[in-house]
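Note sheet for the following structure.
Only the coordinates and a few stated rules stand behind these numbers; no lab work does. Everything quoted here is computed from the prediction, not taken from an experiment. For neighbour counting, all protein chains shown are included, and Cβ atoms are generated from backbone atoms with ideal geometry for every residue, glycine included.
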Amino acid sequence: MHVLVLGAGQLARMMSLAGAPLNIEISAYDVGSETIVHPLTQTVLGKGLENAIAKADVITAEFEHIPHDILAICEQSGKFLPSAQAIKAGGDRRIEKTLLDDAGVRNAKYYVIQTREDFDLAIEHVGIPMVLKSALGGYDGKGQWRLKQLDQVEAIWAEMAACIAETETQAIVAEEFVPFSREVSLVGARGKDGSVAVYPLAENVHTDGVLSLSTAISDIELQQQANEMFTAVAETLDYVGVLALEFFDVDGALLVNEIAPRVHNSGHWTQQGAETCQFENHLRAVCGLPLGSTKLIRETSMINILGEDSVPNSVLEMAGCHIHWYGKEKRPGRKMGHINVCGDYSGELQRNLCALADVLDEQAFPAVHQFAASVLSDQ
Ligand code: AMP
C-alpha cells in the first residue's frame, strides 16, 4: 500500500515510521515546492501533484492549510481521505464553527467580522472580553487579539483591518472569552466502516500559545462528553482517519475550541502510552484496515522540544523517557521533537517528570519545571 501525505513535516515522518511494520509506504508532497519527498530523509523523489497522485493508492493530509484547488484535484482522484470538506473545516474557522453548530456540539458564542460595523455588532452579540481570531491561516495562537475594554477597539480594528486586507477571503471570528479551568483534547479514529476508536483524553499545557506538555488523563465523566462530541463531529463529516478535538473544560463541562482533521501534537503520547499509536491508526483507517486498540498501556506525558536541537544524553538513560527528533533545522520556537515520559502508575510518571525537570533547561522547558514546582509545593 502506498500512501501520499500532503505535507512533509514531522507528522508525515511519524506516519512513515508507524506504517513500515504494516508494509504501508509513505511519500510526502511538499505543497510549497510542489515536490514529492521521502518523509524521513527529505530526498526529492519526484515533482508535480499529478505525478504524486498517480503513484498513490491513498492520499491523506498532515495539515489543514492546503489551497482549495489542490484539495479539489486530490478529491477528484477518488483516493483522498478524510474529505476535502473536513480539511477545509480545520483550516477556516468560519467553516469550523458552522460544522460544530451542525453537529450540535457546544462551542463558544461567535460572530464573523469583515467590516468595522461588524466589529460593533460582534461586541453587542458576543460581549467583552472577547477573543478575536483570523478565520484563515491561524495556528498556535497566531493571528489573535484579546479585546478586554472598549478603549482598545480602534487599535485592534486597525490591526484586524490590515489582516483582512492581506488575503481576499480573510475574515475575523469574534469569540466570547471562555473562563476555562484547563484545556483538554481528544484524539480518535473513525474507520471506513464507521467504527470509532478514541484515546483517553489528554490534558494540555500551552506556553506562549504553543503546546508544551500533554498528559493522558482518566476522567470518566469528561471522557464521555468528549466521546459523544467526537462521534457527532466525525459522523457529520462522514470522517475517515484520525481527528482531534480541542476542548475548554469549564467546571466539568466541555466546549469545543477547535478541531484538527489529522493526527495531532496532543496525541504523540500514544507512541509509548497506547496499544496502537495515532499514526498507525490513521493509516489503518485511510487504508480501510481494522482500527487498532486505543487502550492506555502506561501513564504517559509528552513534552514538546521547541527551538532546541539537543537535550542532555542523560535523558536517554532516564526511566520511562523516549526521545523523538524530527530531523529539522533549528529555529527559535520551532517544533524540533518531543519526549514521551512514561510510568507504570501516575505517581511513577510524576517522579519521572520531576527527574526530567532536574536535567532539562528551565528556559527551554518551562512547563516541566512548573509541573515539578507544583508537585513540590503539594508535598
Ligand atoms: P486557538 O488557536 O484557537 O487554539 O487559541 C490559542 C489559545 O488561546 C487556546 O489554547 C486558549 O488558551 C486561548 N483561547 C482561544 N480561544 C479562547 C476563548 N474563546 N476564550 C479563552 N481563551 C481562548
For this session: Can you pull the one-decimal nm distance between simple spin-label points at L289 and C354, each 7 Å off the Cα toward Cβ?
Result: 4.1
For this session: Work out, in µm²/s and without decimals, the Stokes-Einstein translational diffusion coefficient of the stretch 217-284 at 37 °C, 0.692 mPa s, Rh from Kirkwood over C-alpha pairs.
Result: 255
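State the percent of C-alpha pairs, over all pairs in the stretch 249-363, separated by a distance greater than 21 angstrom.
On the way: 3203 of 6555 pairs.
Of the Cα pairs, 49 percent sit more than 21 Å apart.
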Problem set entry | Under 13 Å, Cβ to Cβ, from R146 - net charge with Lys/Arg +1 and Asp/Glu -1 | -1
For this session: Could you check what % of the DSSP bridge pairs in the chain are antiparallel, to the nearest 5?
Result: 85
Problem set entry | Under 12 Å from K47, Cα to Cα: aspartates and glutamates that are on another chain or at least 8 residues apart | D30, E34
Exercise. Around S346, with a cut-off of 15 angstrom between Cβ atoms, what is the net charge of the other residues, counting Lys and Arg +1 and Asp and Glu -1?
Worked result: -4
Exercise. Restricting attention to the stretch 211-248, which chymotrypsin sites (Phe, Trp or Tyr not before Pro) occupy a DSSP loop and are surrounded by at most 12 other Cβ atoms within 10 Å?
Worked result: none
Seminar exercise, completed: Under the Karplus relation with 6.51, -1.76 and 1.60 and θ = phi - 60°, whole-Hz ³J(HN,Hα) for the stretch 5-17, x at Gly and Pro, equal 9, 6, x, 10, x, 5, 6, 5, 4, 6, 5, 4, 5
For this session: Would you kindly derive the ³J(HN,Hα) couplings of the stretch 354-371 from the backbone phi angles with the Karplus curve 6.51 cos²θ - 1.76 cosθ + 1.60 (θ = phi - 60°), listing them in order in whole Hz, with x for Gly and Pro?
Result: 5, 5, 5, 4, 5, 10, 8, 5, 5, 5, 7, 10, x, 5, 5, 5, 5, 4
Problem set entry | Span per principal axis, largest first, for the Cα atoms of the stretch 182-378 (Å) | 46, 38, 31
Exercise. Spin-label point model (7 Å from Cα, Cβ direction): what's the E75 to E235 distance in nm?
Worked result: 2.3
Exercise. Amide H of V240: which non-local residues (sequence gap of 5 or more, or other chain) have their own amide H closer than 5 Å, using H built in the peptide plane?
Worked result: S83
Problem set entry | Of the GluC sites (Glu not before Pro) in the stretch 288-379, those whose Cβ has at most 15 other Cβ within 10 Å and which sit in DSSP loop | E329, E362
Exercise. With each pseudo-label sitting 7 Å past Cα toward Cβ, what's the D57-T115 distance in nm, one decimal?
Worked result: 5.4
Problem set entry | Equivalent ellipsoid, the stretch 2-80 (semi-axes from 5 times Cα gyration tensor eigenvalues, Å) | 18, 13, 12
Seminar exercise, completed: Shape descriptor, the chain: equivalent ellipsoid semi-axes (Cα gyration tensor, sqrt 5λ, whole Å, largest first) stand at 30, 28, 21
Seminar exercise, completed: Rounded to whole angstrom, the alpha-carbon centroid of the stretch 263-341 lies from that of the stretch 89-138 at a distance of 32
Exercise. Given a Förster radius of 30 Å and the C-beta distance between Q152 and H206 as r, what FRET efficiency does 1/(1 + (r/R0)^6) yield to the nearest 0.05?
Worked result: 0.85
Seminar exercise, completed: A correct Stokes-Einstein calculation for the stretch 134-241, using the alpha-carbon Kirkwood radius, 20 °C and 1.002 mPa s, returns a whole-number D in µm² s⁻¹ of 127
Problem set entry | Of all DSSP beta bridges in the stretch 1-107, antiparallel share, percent nearest 5 | 40
Exercise. Given H placed 1.01 Å from N in the peptide plane, which residues other than close sequence neighbours of N257 have an amide H under 5 Å from its amide H?
Worked result: E246, F247, F248
Exercise. Short version: ³J(HN,Hα) in whole Hz for each residue of the stretch 339-350, in order, from phi by Karplus 6.51 cos²θ - 1.76 cosθ + 1.60 (θ = phi - 60°), x for Gly and Pro, what are they?
Worked result: 10, 9, 10, 10, x, 6, 8, 5, x, 6, 4, 4
Seminar exercise, completed: Cα-Cα longer than 25 Å, checked against K142/K192; K55/K295; K55/K192; K88/K295; K97/K148; K109/K335, kept in input order, equals K142/K192; K55/K295; K88/K295; K109/K335
